[in-house]
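**Student:** Got a structure for you, questions after.
The values are calculated or read from the model by the stated rules, or taken from the named source; none is laboratory data. Keep in mind it's a predicted model, so treat the numbers as computed, not measured. Here the Cβ positions follow ideal geometry from the backbone for every residue, glycine too, while neighbour counts run over all protein chains shown. Protein only, heavy atoms only, side chains kept; ligands, DNA and RNA dropped before computing areas. Shrake-Rupley method; radii C 1.70, N 1.55, O 1.52, S 1.80 Å.
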Amino acid sequence: MKLATKLIHAGIEPDPSTGAIMTPIYQTSTYVQAAPGKNKGYEYARSQNPTRKVLEDACAAIENGKFGLCFSSGVAATDAVIKLLQPGDEVIACNDMYGGTYRLFTKVFEKFGIKFHYINMQDAANVKNFINANTKLIWIETPTNPLMNIIDIAAVSALAKGQNILVCVDNTFASPYLQNPLDLGADIVLHSATKYLGGHSDLIHGCLVINDADLREKLYFLQKSCGAVPGPQDCFLVLRGLKTLHLRMQRHCENGEKVAGFLRTHKKIDRVYWCGFEDHPGYDIAKKQMRGFGGMMSFELKDNSKEAVTKVLSSTKIFALAESLGGVESLINHPASMTHASIPREERLKNGLTDSLIRLSVGIEDIDDLIDDLQQAIG
Ligand SMILES: *Cc1c(COP(=O)(O)O)cnc(C)c1O
């Protein structure tokens, strides 16, 4: 089955009791058993829920994986992956990543004795310099947030193979429409379904997709033991969002390309970060591992004073000034003070994330209106 068909049908069966075509919201905490231990596969809703099960199967199918596991947020899914590790284990992570992931690694897990190396992975071979006997996990985000760097998933995964090192790819920015990390050799794919999968800025949700049955058992154990499970209503909303992912992504890509082109030729703009430009350093890898370039981008003004940056951020009328991304509506964001404020300023600057960087999540509105809006805001 091709992606568009999977997005609409994968995991979904008519409800056995009524034939309802849409998956019911099973709003229940427990399930009646015929005799002790004799049940229909459902015992208690932290461990299993039928609405969640359908979504988990759908997530697995669209990422070309065998198993899906859903969580109450993207960060909760990340938390479960790191809990696979033991004190003394080491993680190699890309140096440009979602601020909340960095916060979880540095502020929560470091104190349990897990060591994180934040490195430039644009040259995959650099990863080799940090692998040692304690390395247990490689953490990739590509395109990176917010600098839109590209990491070669197949090359990094090849370095980890046979060494008992897991590779986890946060695929939130690309979505399964643009990129499938398991096909490129990764072990775990993570999504903040809050973003493109849900697509309508109306929920918080996360998921993991894996192929290996043992790894699935370990992660399922953590899901039920730690308890960061999503409610059935949110699972239903993600399922509904998935049905139009391909249509939305197609438009995000079209609009993204036009907005990136507009910004790039604008006389007041210094630099645009978008992985679809042929002179982007990761363009060839992006072309190889992605099916399009998406609607996420960042830019810097020539006048990078605080006043000029604030003026643009406060003047858009269609682009809403807000954290998050991947919804149908366009958003504008200031990473240094918003999404990435939890990364210390020196760290941000070291990686090229300046105080004047502006990030856009280009939505699916009419392209003329979006460009007019940016034009009037930039002046
Ligand atoms: C938002 C986001 C997360 C965290 O997901 P939540 O659903 O907000 O917990 C992780 N990774 C990326 C790339 C994100 O954009």
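**Student:** What are the radius of gyration and Dmax of the range 340-379, computed over its Cα atoms and given in Å?
**Tutor:** 14.4, 39
**Student:** Compute, for D212, the solvent-accessible surface of its heavy atoms (probe 1.4 Å) with the complete set of protein chains present, and express it in square angstrom to the nearest 10.
**Tutor:** Roll a 1.4 Å probe over it and D212 shows about 80 Å².
**Student:** I've got another one for you. Where the only charges are on Cβ atoms (+1 Lys, Arg; -1 Asp, Glu), what is the dipole of the range 3-242 about its Cα centre, to the nearest 20 debye?
**Tutor:** 500 debye
**Student:** For the modelled label position 7 Å from the Cα of D372 along Cα-to-Cβ, which residues of the range 313-332 have backbone nitrogen atoms closer than 14 Å?
**Tutor:** 317-319
**Student:** Counting each DSSP H run of 4 or more residues in the chain as -39500 (n - 2.57), what helix-only mean residue ellipticity at 222 nm follows after dividing by all residues, to the nearest 500 deg cm²/dmol?
**Tutor:** Helices in the chain give a 222 nm mean residue ellipticity of -9500 deg cm²/dmol.
**Student:** Of the residues M97, M121, M338, which exhibits the maximal mean-square fluctuation in a Gaussian network model of the chain defined by a 10 Å Cα contact cut-off?
**Tutor:** Highest fluctuation of the listed residues: M338.
**Student:** Taking every DSSP beta bridge with both residues inside the chain, roughly what % is antiparallel (nearest 5)?
**Tutor:** If I count the DSSP bridges inside the chain, around 55 percent turn out antiparallel.
**Student:** Could you run the Debye sum over the Cα atoms of the range 1-100, one equal point scatterer each and no solvent, and tell me log10 of I(q)/I(0) at q = 0.14, 0.15 Å⁻¹, two decimals?
**Tutor:** Rounded to two decimals, the profile gives -0.76, -0.84.
**Student:** Then there's this: May I ask you to derive the relative contact order of the range 1-69, considering only C-alpha pairs under 8 Å and at least 6 residues apart, and to give it as an integer percent?
**Tutor:** For the range 1-69, the relative contact order is 33 percent.
**Student:** Follow-up question, since we're still on this one. Size of the chain along its principal axes in angstrom, Cα-based, largest extent first?
**Tutor:** Principal-axis extents of the chain (Cα, largest first): 73, 51, 34 Å.
**Student:** OK, next. Can you tell me, using C-alpha contacts under 8 Å and at least 6 residues apart, the relative contact order of the chain as a whole percent?
**Tutor:** Relative contact order, the chain: 17 percent.
**Student:** Can you run the Rg to Rh ratio on the range 245-378? Use alpha carbon positions and the Kirkwood inverse-distance Rh.
**Tutor:** For the range 245-378, the value is 0.95.
**Student:** If N is the number of residues in the range 20-178, what value comes out of its Cα radius of gyration divided by 2.2 N^0.38 Å?
**Tutor:** Taking the Cα Rg and dividing by 2.2 N^0.38 Å, one obtains 1.24.
**Student:** Mind checking which aspartates and glutamates have their Cα closer than 14 Å to the Cα of K258? Skip sequence neighbours fewer than 8 apart in that chain.
**Tutor:** List returned: E365, D366, D368, D369, D372, D373.
**Student:** For the range 117-173, state what percent of all Cα-Cα pairs lands in each successive 5 Å bin, counting from 0 Å until the bin that includes the largest distance.
**Tutor:** 4, 19, 34, 26, 11, 5, 1
**Student:** Follow-up. Cα extents of the range 201-309 along the three principal axes, largest first, in whole Å?
**Tutor:** 54, 35, 27
**Student:** Another question, if that's okay. Over 18 Å between Cα atoms, which of K83/K136; K161/K288; K302/K350; K83/K224; K161/K218; K195/K317 qualify?
**Tutor:** Check vs 18 Å cut-off fails for K161/K288; K302/K350; K161/K218; K195/K317.
**Student:** Can you tell me which of A133, A174, A93 moves the most in a GNM of the chain? Springs connect C-alpha atoms under 10 Å apart.
**Tutor:** In the Gaussian network model the winner is A133.
**Student:** A further question follows. For the range 107-202, which trypsin sites (Lys or Arg not before Pro) are in a loop by DSSP, counting at most 13 other Cβ atoms within 10 Å?
**Tutor:** K161
**Student:** What's the long-distance tail for the range 246-317, i.e. % of Cα pairs beyond 22 Å?
**Tutor:** Distances greater than 22 Å cover 29 percent of the Cα pairs.
**Student:** Taking the simple approach of a point 7 Å from Cα along Cα-to-Cβ for both E13 and F112, what is their distance in nm?
**Tutor:** Output for this residue pair reads 3.6 nm.
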